[in-house]
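Taking it in order: structure first as structure tokens, then the write-up.
The values are calculated or read from the model by the stated rules, or taken from the named source; none is laboratory data. Predicted model only: the values in this text are computed from it and were never measured. As a convention, Cβ positions derive from the backbone with ideal geometry for all residues, glycine included, and neighbour counts pool all protein chains shown.
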Amino acid sequence: MITQTPSNKIVQSLAISIAISIFFTFSLNEFVIVQAENQDQGKVFVMYAGSLLKIFEDRLGPAFQNQTGFTFQGESKGSVQIANMILDGFRKPDVFVSAGTIPILKLANNNPPFIHWWIKFASAELVIMYSPNSRFHTELDLSKGGNIPWYKVISEKGFKLGRTDPELDPKGYNAIIAAKLSNIYYKDMGLKQRILGEDRNPKQIFPEEILNTVLESGQVDAIFAYKHEAISRGLPYITLPAQINLGNQDFATFYKKASYSFSSINQTEYGQSIYFSISIPDTNKNIEAATSFTNFVLSTNIGKRILESQGLNYLKKPIIEGDVLEIPSSIKTSSK
């Protein structure tokens with residue numbers, strides 16, 4: 001018979017304590033992992049164009065949650081920037097809502113592709129959105145009423161204009177294309193230079209996700225924006241001619257007379273009507289929630305009514321592009 005010494009008993013007790021501790025640690029970790037996975041099952045992570053920030057966070061997201069029970073988690077940035085983040089593995093959204101097709105094509109043309117299909121569901125138009133507190137507000141109000149040319153006001157000395165980076169955001173390169181179209185429309189080839197300066201003028205460039213805040217805080221007098229941004233924020237705006245605002249398909253041929261060449265990639269974007277597209281990338285972790293959100297945007301009266309009330313122009317028939325066979329059947333039905 002072996003007699004245990006006090007030291008042996010201590011060692012044995014310690015070993016038992018460690019074993020129990022390890023057991024509970026692994027059990028707790030397993031519980032946390034399972035709990036996190038279960039929570040993810042009820043969440044949809046949507047990355048969307050920065051111009052949709054207020055609409056998605058204040059209206060569409062909460063309405064989707066109330067209607068479906070899924071938790072909406074959104075993040076907004078410039079659409080090109082979002083595409084880059086997905087390509088680099090920094091973000092893995094369930095749904096991507098993009099302004100323009102360049103960001104979508106970056107993901108679709110990658111090898112392997114991150115996106116196989118996309119649906120254009122709404123169009124937008126460029127406007128000059130301005131602060132009612134700007135020291136130029138009187139001239140801006142007159143321009144809004146058609147009494148002063150808009151380009152004369154925003155090119156005045158001391159006027160501060162804001163816009164997004166054309167390399168990261170479609171609204172940024174659309175602003176440049178619109179300014180170049182102004183050269184042609186007004187028959188003044190120096191107009192774009194007086195309004196914007198160089199394409200990436202550092203005095204005018206701000207990140208997409210803070211551009212509206214920059215305007216509202218008084219750091220700039222006006223910005224190039226989409227009409228739905230002005231409506232959702234209740235700010236005044238100047239309507240641009242249809243030949244310039246990239247919001248009228250009737251002028252598609254005229255829009256193509258201006259373009260922007262990217263310095264970061266060997267690609268040129270010609271002027272075209274501004275469309276918003278939605279897709280479910282391969283990064284999705286919750287296809288059920290992603291499909292539910294996509295259908296909510298495309299087919300429900302609630303989603304459509306919210307977006308239209310904020311100034312987006314819903315297409316009478318959504319435009320489906322890419323591999324149609326990859327689209328979930330319920331989304332195909334919603335797009336008819």
(message) Based on this model, can you work out whether Lys77 counts as buried (at least 20 other Cβ atoms within 10 Å of the Cβ) and among the basic types (Lys, Arg)?
(response) yes
(request) Inspect all residues belonging to the stretch 144-166 and state whether any of them is assigned to a loop (DSSP other than H, G, I, E, B) and β-branched (Val, Ile, Thr). (result) yes
(message) When the residues of the stretch 81-100 are narrowed to those that are among the hydrophobic types (A, V, I, L, M, F, W, C) and out of contact with any Ser or Thr (no Cβ under 9 Å at 6 or more places or on another chain), which ends up surrounded by the most Cβ atoms within 10 Å (Cβ to Cβ)?
(response) Met85
(message) Go through (1) surrounded by 15 or more Cβ atoms within 10 Å (Cβ to Cβ); (2) at pLDDT 95 or above; (3) not assigned by TED's automatic domain parsing to the domain that holds Pro93 for Pro241 and report which single condition fails.
(response) (1)
(message) List the strands (runs of 3 or more DSSP E) inside the stretch 57-141, counting only whole elements, that have at least 3 residues being under 19 Å from the mean Cα position of the chain (by Cα) and without any contact (Cβ under 8 Å) to a residue 24 or more places away in the chain.
(response) none
(message) I'm trying to understand the selection: among the residues of the stretch 182-210, which are at negative phi and either at pLDDT below 95 or basic (Lys, Arg) (or both)?
(response) Lys192, Arg194, Arg200, Lys203, Pro207, Glu208, Glu209, Ile210
(request) Restricting attention to the stretch 146-186, report how many residues are among the aromatic types (Phe, Trp, Tyr) and under 18 Å from Pro241 (Cβ atoms). (result) 4
(message) Can you pull out every residue in the stretch 286-319 that is farther than 29 Å from Ala230 by Cβ and surrounded by 17 or more Cβ atoms within 10 Å (Cβ to Cβ)?
(response) Asn286, Ala289, Ala290, Thr291, Ser292
(message) Scan the stretch 3-16 and tell me whether some residue there is out of contact with any His (no Cβ under 9 Å at 6 or more places or on another chain), assigned to a helix (DSSP H, G or I) and either modelled with pLDDT of 60 or more or within 20 Å of Ile287 (Cβ to Cβ) (or both).
(response) no
(request) Kindly provide the set of residues from the stretch 185-219 that are in contact with a helix residue (DSSP H, G or I) (Cβ under 8 Å, 6 or more places away or on another chain) and hydrophobic (A, V, I, L, M, F, W, C), ordered by number. (result) Met189, Leu191, Ile195, Leu196, Ile205, Phe206, Leu211
(request) Take the residues in the stretch 229-251 that are touching a Lys or Arg at 6+ places or on another chain (Cβ under 9 Å) and not acidic (Asp, Glu), then tell me which one is farthest from Gly162 (Cα to Cα). (result) Gly247
